[in-house]
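Reviewing the structure listed below.
The values are calculated or read from the model by the stated rules, or taken from the named source; none is laboratory data. Keep in mind that what you see is a predicted model, and the values were worked out from it rather than measured. Heads up, the Cβs are rebuilt from the backbone with ideal geometry, glycines too, and the neighbour counts pull from every protein chain shown.
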Amino acid sequence: MPVYHVRLAHSAIGFETREDEILLAAGLRQHLALPFGCQSGTCGSCRVRLVSGRVKYSNASGPKALSDAEIAAGYILMCQTQARSDLTLRLHQPETLEELRPRQWTAQAVAHRALSHDVIGLWVQLPPGESFRFLPGQYVDFLLNDGRRRSFSIASAETPEGILEFHLRVTPGGLFTHSIQDDGLERAPLSFEGPLGAFYLREESTRPALLMAGGTGFGPIQAMLERSFKNGQPRSFHLFWGARARRDLYLDSLVQEWTARHPNFHYTPVLSEPDADWTGERGLVHEALLRAYPTLAGYEVYMAGPPAMVHAGKQAFTAAGLDADHLHYDSFDYAFETWPALEKKPA
Ligand SMILES: Cc1cc2nc3c(=O)[nH]c(=O)nc-3n(C[C@H](O)[C@H](O)[C@H](O)COP(=O)(O)OP(=O)(O)OC[C@H]3O[C@@H](n4cnc5c(N)ncnc54)[C@H](O)[C@@H]3O)c2cc1C
């Protein structure tokens with residue numbers, strides 16, 4: 001069985017992969033901090049640019065999560081491919097990756113409160129003296145007792161007094177988000193792994209940033225914006241926040257405050273099932289963004305929220321001229337129950 005070498009561009013790191021092995025599984029087996037999410041080819045979190053070499057998709061449907069523009073730019077999904085030669089890959093994540101290597105933490109839930117009829121704010125405290133380094137926009141996996149995981153984005157830019165904030169949409173029957181509503185949760189120990197993911201603000205970029213949130217996709221975007229406001233970044237930011245009705249814009253007043261305080265920040269809420277007296281934007285949030293910015297060459301786009309929104313945004317924005325390298329996203333897919341799925345994938 002041939003074994004190939006995989007080199008990560010701009011890094012001294014590499015790993016070996018057998019021809020019958022899924023690339024992501026091979027990297028994780030060798031303890032690399034690679035980004036991934038659904039492991040089924042739909043979320044796109046594990047996308048990387050193939051700089052050199054050949055890969056084969058292990059399924060007939062190919063890279064479902066990637067837009068045509070991403071495929072044309074050379075992106076592949078590590079959770080769906082096997083090597084057919086030595087490879088060089090360029091990760092879509094910080095070059096400080098090694099410093100931000102995820103690990104397991106035990107923390108305590110210290111507070112939770114309803115932010116809306118179906119969104120809970122959760123505040124989690126790290127053990128005293130521990131310093132959790134992450135990039136605003138990244139997420140963690142909460143580890144449930146039975147070994148299952150649930151991904152949630154960090155909604156705070158920093159950890160004041162070791163506290164992390166999360167915005168959880170409570171889904172009926174949801175294992176994790178439902179347990180959080182119990183009053184007994186306060187001061188309960190919670191284990192999580194993090195920081196994870198490649199959704200973070202590229203602070204070196206000077207491009208105007210368009211931010212698109214669907215529902216609790218606002219959480220990681222709040223973290224990014226708080227960091228930029230604190231650092232006094234001069235670039236412009238325009239947030240489009242999509243929700244069903246006004247009550248779902250669960251921190252609308254905070255965002256209104258930002259618009260009053262930061263001249264480089266603009267905000268457009270978009271409702272798909274608007275209240276009768278709503279005079280603002282209506283319909284799908286990615287369509288509202290395109291009405292305001294029909295041509296996206298020269299912009300950078302960040303989007304987080306429901307998979308359908310992220311999928312629609314990828315296709316529409318790259319078709320409107322957005323360079324795939326300047327499109328960053330986290331798709332809030334439902335948890336993949338059969339963790340760790342990669343080990344069970346057929347060779
Ligand atoms: C990178 C990342 C970041 C995320 N960040 C956040 C965040 O900040 N905030 C947030 O609210 N969510 C976030 N999510 C989504 C969240 O992780 C999932 O919704 C998770 O499954 C919720 O866990 P739960 O235990 O509450 O519900 P689960 O136990 O996973 O199930 C929720 C309910 O949905 C049903 N369900 C399961 N799968 C499907 C499906 N495919 N289609 C329809 N219904 C289904 C289940 O039957 C159940 O009733 C994120 C996801 C990812 C991948």
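Spot the failing condition for Gln82; the list is (1) under 28 Å from Lys314 (Cα atoms); (2) modelled with pLDDT under 95; (3) more than 16 Å from the ligand (Cβ to nearest atom); (4) not β-branched (Val, Ile, Thr), and only one is missed.
Answer for Gln82: the failing condition is (2).
Given the structure, is Pro208 more than 15 Å from the ligand (Cβ to nearest atom) and under 21 Å from the mean Cα position of the chain (by Cα)?
yes
Residue-by-condition table, conditions (1) in a loop (DSSP other than H, G, I, E, B); (2) surrounded by 22 or more Cβ atoms within 10 Å (Cβ to Cβ); (3) in contact with an Asp or Glu (Cβ under 7 Å, 6 or more places away or on another chain):
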{"site": "Ser40", "(1), (2), (3)": "yes, no, no"}
{"site": "Cys43", "(1), (2), (3)": "yes, yes, yes"}
{"site": "Val51", "(1), (2), (3)": "no, no, no"}
{"site": "Glu70", "(1), (2), (3)": "no, yes, no"}
{"site": "Gln108", "(1), (2), (3)": "no, no, no"}
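Restricted to region 114-149, and to residues that are in contact (Cβ under 8 Å) with a residue 60 or more places away in the chain and polar (S, T, N, Q), which residue is farthest from the ligand (Cβ to nearest atom)?
Checking each candidate, the answer is Ser116.
Just to be sure before I move on: is Tyr75 farther than 29 Å from Phe176 by Cα and aromatic (Phe, Trp, Tyr) in the structure I sent?
Here the answer is yes, as Tyr75 does meet what is asked.
Can you name every residue in region 98-119 that is over 19 Å from the mean Cα position of the chain (by Cα), of a type in the set (A, V, I, L, M, F, W, C) and over 15 Å from Ser151 (Cα atoms)?
Ala107, Ala109, Val110, Ala111, Ala114, Leu115
Hey, does region 82-94 have a residue that's without any contact (Cβ under 8 Å) to a residue 60 or more places away in the chain and polar (S, T, N, Q)?
No: zero hits.
Look at Leu254 and say whether it is closer than 19 Å to Leu122 by Cα and surrounded by fewer than 21 Cβ atoms within 10 Å (Cβ to Cβ).
yes
One line per residue, one yes/no per condition, for (1) within 30 Å of Met309 (Cβ to Cβ); (2) of a type in the set (Gly, Ala, Ser):
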position	(1), (2)
Leu23	yes, no
Gln39	yes, no
Arg54	no, no
Ala69	yes, yes
Ile76	yes, no
Ala83	no, yes
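Please find, within region 53-62, the residue that is farthest from the ligand (Cβ to nearest atom) out of those that are assigned to a loop (DSSP other than H, G, I, E, B) and modelled with pLDDT of 85 or more.
Arg54
Quick check: is even one residue across region 188-202 assigned to a loop (DSSP other than H, G, I, E, B) and on the phi > 0 side of the Ramachandran plot?
Within region 188-202, one or more residues are assigned to a loop (DSSP other than H, G, I, E, B) and on the phi > 0 side of the Ramachandran plot.
Search region 150-166 for residues being more than 28 Å from Gln39 (Cβ to Cβ) and among the small types (Gly, Ala, Ser), and hand back the single one that is farthest from the ligand (Cβ to nearest atom).
Filtering region 150-166 for residues that are more than 28 Å from Gln39 (Cβ to Cβ) and among the small types (Gly, Ala, Ser), the one farthest from the ligand (Cβ to nearest atom) comes out as Gly162.
Suppose the filter is within 16 Å of the ligand (Cβ to nearest atom), in contact with a Leu (Cβ under 6 Å, 6 or more places away or on another chain) and at pLDDT below 90; does Gln93 pass it?
When the stated conditions are applied, Gln93 does not pass them.
Hey, among the residues in region 308-339 that are near the ligand (Cβ under 9 Å from one of its atoms) and within 11 Å of the chain's Cα centre (by Cα), which one's surrounded by the fewest Cβ atoms within 10 Å (Cβ to Cβ)?
Asp333
Got a sec? Which of Ala304, Ala276 is of a type in the set (Gly, Ala, Ser), outside any helix (DSSP H, G or I) and in contact with a helix residue (DSSP H, G or I) (Cβ under 9 Å, 6 or more places away or on another chain)?
None of the others qualify; the one that does is Ala304.
Kindly establish whether Arg202 is within 29 Å of Glu281 (Cβ to Cβ), modelled with pLDDT under 95, touching a strand residue (DSSP E or B) at 6+ places or on another chain (Cβ under 9 Å) and more than 10 Å from the ligand (Cβ to nearest atom).
Taking the combined requirement at face value, the residue satisfies it.
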